[in-house]
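The values are calculated or read from the model by the stated rules, or taken from the named source; none is laboratory data. The shown structure was predicted, so the numbers you read here are calculated from the model rather than taken from an experiment. Glycine gets a Cβ as well: all are built from the backbone with ideal geometry, and neighbour counts include every protein chain shown. For accessibility, only protein heavy atoms count, side chains too; no ligands or nucleic acids. Shrake-Rupley method; radii C 1.70, N 1.55, O 1.52, S 1.80 Å.
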Amino acid sequence: MNNLENFSQGENAKSAEPSMPVLGHFIQGNLVLQGTRTQPVYNPATGEQSKAVLLADAQTVNDAIQIAHDAFPAWRDTPVIKRARVMFKFKQLLEDHADHICSLIGQEHGKIGHDAKGELQRGIENVEYACGAPEFLKGEYSKNAGPDIDSWSEFQPLGVVAGITPFNFPAMVPLWMFPMAIVCGNCFILKPSEKAPSAALYLAELLKQAGLPDGVFNVVNGDKQAVDALLHHPKIQAVSFVGSTPIAEYIYSTATSKGKRCQALGGAKNHAIILPDADIDNVVTSLLGAAFGSSGERCMALSVAIAIGDDIADTVIEKLKIEMQKLKFGHYADNSNDFGPLISQAHKDKVQGYIQSAEQQGAKIVVDGRDAKPLGYETGFFVGPTLIDQVKPDMTSYQQEIFGPVLQVLRVETMQEAMQLINDHEYGNGTCIYTRDGEAARYFTHNIQVGMVGVNVPLPVPVAYHSFGGWKRSLFGDLYAYGPDGARFYTRRKTITQRWPSAEVREAKQFAMPTLN
């Protein structure tokens, strides 16, 4: 597919103002200003350009890949315990510099400080898991698998691997990928979102401080040109991606057609079923955070509530109306705010377009956030919390991922009808059920066709020692992100079978499998 709207194209790039800070790349342990094209980076709370980022051309990407390729043999042969020690030091540096990392996230994404700290903490937990590499890379051993034959397996790194990450989690999603890849002995090329590039560059500097050899981890900023250079380069062995489904499908089909291993995590439409026996006050509280946290710019955002019966729907909506009036949104540095702006004016227009389409197709806008203008930040990319009732499955706003602070309510009569809606949707990332009924919860978790399921947990994101991924068109590839699947994705199994016969024994010819004798 050629739908690459989430990547800025070169013809739209602009030159930075003469006094504007310009961000480059991190290659072979150094910040590098290489390239002729730039793109603006905005402060989404004000709507103003704050800096510019250089967009890598194919030559810059190729240079970074060659440097990583040259660094690979020595890093592959570095004992795993020494690789793990780098991760231990990196974890400490992340904690020591957490405030600065969160500030970078806020400046370019708009995420409120407390939310950015939550993002970073989940990333740090993945570094903690990666520190256990000496354990999970041990392999297996069988003595006397056959007559005087020993057999064992080991997990070897792939070589140079790449990660392409989205704007909504500038720290956490890269930390899903490169710590595991690196500790397994690979070298890594990160292509972060050009909309929020600073956090990735700072993580690279911290890795260098932690003792990572130059060339093992490199960051190239760029647009589709950089992405395609990664996908087509023969030295890239595997690609990890998180983003929208059209691009995930493009990444997966292109990478696999070139013989690369690929995991491409796509979009979502996450539903919550509210049964009549649910604790409605707690349901409302959790819906607020799950739907509007991070301005809804999360692939696990809970964007659809399916109420079983009109009475439950009416009650939930009335309580939400009251609580939504108390929500605060604004600048990232004010921790009294609940959420911040959207990433760009274009994305703001897109979210508002979905709200308008729902209204035009017959839904009821209960709380309308389209005119949101926080005092002092009237030019920012804000959409306020929005609640839409009477949504139907054939509406555009239901079928598509809105990726904004919008919660839609559907009304059905039975739990089976609600589950059918979820199972019929093209996305299968996350879902949850609100109930006190253990039988209903057990039936739901067993039969729902979704990869990550919560019971009274609205954002069922797996912890770092599990793995993250959805079903259907929310994931392309066989292995999930991070956790045990991450270790398997960034390694390949090699099985060795050996025999040392006695020098004094003359053996007869054998034509059957040795274990037969």
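Please determine, by comparing only the residues of the stretch 148-167 that are under 22 Å from Met300 (Cα atoms) and in contact with a Lys or Arg (Cβ under 6 Å, 6 or more places away or on another chain), which one is least open to solvent (accessible area, probe 1.4 Å).
Ile164
Being farther than 23 Å from Ser295 by Cα, open to solvent by less than 10 Å² (accessible area, probe 1.4 Å) and at pLDDT 95 or above is the requirement here; does Phe444 meet it?
Yes: the conditions hold for Phe444.
Consider the stretch 186-205. How many of its residues are surrounded by fewer than 24 Cβ atoms within 10 Å (Cβ to Cβ) and out of contact with any strand residue (DSSP E or B) (no Cβ under 8 Å at 6 or more places or on another chain)?
1
Counting only residues that are part of a loop (DSSP other than H, G, I, E, B) and either open to solvent by less than 10 Å² (accessible area, probe 1.4 Å) or modelled with pLDDT under 95 (or both), which one in the stretch 259-277 is farthest from Met419 (Cα to Cα)?
Filtering the stretch 259-277 for residues that are part of a loop (DSSP other than H, G, I, E, B) and either open to solvent by less than 10 Å² (accessible area, probe 1.4 Å) or modelled with pLDDT under 95 (or both), the one farthest from Met419 (Cα to Cα) comes out as Gly266.
Name the residue that is nearest to His466 (Cα to Cα), counting only residues in the stretch 128-152 that are of a type in the set (Asp, Glu) and within 26 Å of the chain's Cα centre (by Cα).
Glu128
Has the stretch 233-255 got at least one residue that is closer than 26 Å to Glu439 by Cβ and in contact with a His (Cβ under 8 Å, 6 or more places away or on another chain)?
No, every residue in the stretch 233-255 fails to be closer than 26 Å to Glu439 by Cβ and in contact with a His (Cβ under 8 Å, 6 or more places away or on another chain).
Any residue in the stretch 218-238 that is surrounded by 24 or more Cβ atoms within 10 Å (Cβ to Cβ), part of a helix (DSSP H, G or I) and not hydrophobic (A, V, I, L, M, F, W, C)?
No, the stretch 218-238 contains no residue that is surrounded by 24 or more Cβ atoms within 10 Å (Cβ to Cβ), part of a helix (DSSP H, G or I) and not hydrophobic (A, V, I, L, M, F, W, C).
Cβ contacts < 6 Å: first residue more than 16 Å from Ala307 (Cβ to Cβ) and without any contact (Cβ under 8 Å) to a residue 40 or more places away in the chain, restricted to the stretch 394-419; second residue outside any loop (DSSP other than H, G, I, E, B) and open to solvent by less than 10 Å² (accessible area, probe 1.4 Å), any location; separation 6+ or different chain. Result?
Final answer for the pair search is Met395/Ala358.
Looking only at the stretch 153-170, which residues are within 17 Å of the chain's Cα centre (by Cα) and assigned to a loop (DSSP other than H, G, I, E, B)?
Within the stretch 153-170, Thr165, Pro166, Phe167, Asn168, Phe169, Pro170 meet the criteria.
Determine, yes or no, whether Ala307 is open to solvent by less than 10 Å² (accessible area, probe 1.4 Å), closer than 30 Å to Ala196 by Cβ and part of a strand (DSSP E or B).
no
Note down all Cβ pairs under 6 Å where the first residue falls in the stretch 468-495 and is in a loop (DSSP other than H, G, I, E, B), the second is among the charged types (D, E, K, R), and they're at least six residues apart or on different chains.
Arg473/Glu426; Leu479/Asp485; Leu479/Arg488
Going residue by residue through the stretch 132-149, is there one that turns out to be within 28 Å of Lys260 (Cα to Cα) and of a type in the set (Ser, Thr, Tyr)?
No: the stretch 132-149 contains no residue that is within 28 Å of Lys260 (Cα to Cα) and of a type in the set (Ser, Thr, Tyr).
Give the residues of the stretch 354-375 that are open to solvent by less than 60 Å² (accessible area, probe 1.4 Å), closer than 22 Å to Pro341 by Cβ and in a loop (DSSP other than H, G, I, E, B), sorted by residue number.
Once the filter is applied, which keeps residues that are open to solvent by less than 60 Å² (accessible area, probe 1.4 Å), closer than 22 Å to Pro341 by Cβ and in a loop (DSSP other than H, G, I, E, B), the stretch 354-375 yields Gly369, Arg370, Ala372, Pro374.
Tell me, please, whether a residue that is open to solvent by 70 Å² or more (accessible area, probe 1.4 Å), at pLDDT 95 or above and over 24 Å from Val316 (Cβ atoms) can be found in the stretch 395-418.
no
What do you reckon, is Ser295 open to solvent by 10 Å² or more (accessible area, probe 1.4 Å), within 29 Å of Pro393 (Cβ to Cβ) and touching a Leu at 6+ places or on another chain (Cβ under 8 Å)?
So Ser295 does not fit the description; no.
Can you pull out the residues in the stretch 278-304 that are over 17 Å from the mean Cα position of the chain (by Cα), assigned to a strand (DSSP E or B) and either of a type outside the set (S, T, N, Q) or over 22 Å from Gly384 (Cα atoms) (or both)?
Val304
Among the residues of the stretch 327-353 satisfying the criterion of being of a type in the set (Asp, Glu) and within 24 Å of the chain's Cα centre (by Cα), which is least open to solvent (accessible area, probe 1.4 Å)?
Within the stretch 327-353, the match that is least open to solvent (accessible area, probe 1.4 Å) is Asp338.
State the number of residues belonging to the stretch 50-92 that are of a type in the set (Phe, Trp, Tyr) and open to solvent by 70 Å² or more (accessible area, probe 1.4 Å).
Here the count works out to 1.
Only one of (1) crowded, with 22+ Cβ neighbours inside 10 Å; (2) out of contact with any helix residue (DSSP H, G or I) (no Cβ under 6 Å at 6 or more places or on another chain) fails for Asn126. Which number is that?
Going through the list (1) crowded, with 22+ Cβ neighbours inside 10 Å; (2) out of contact with any helix residue (DSSP H, G or I) (no Cβ under 6 Å at 6 or more places or on another chain), Asn126 breaks only (2).
Pick out the one residue from Asp314, Asp310, Asp334 that is of a type in the set (D, E, K, R) and under 26 Å from His114 (Cβ atoms).
Asp334
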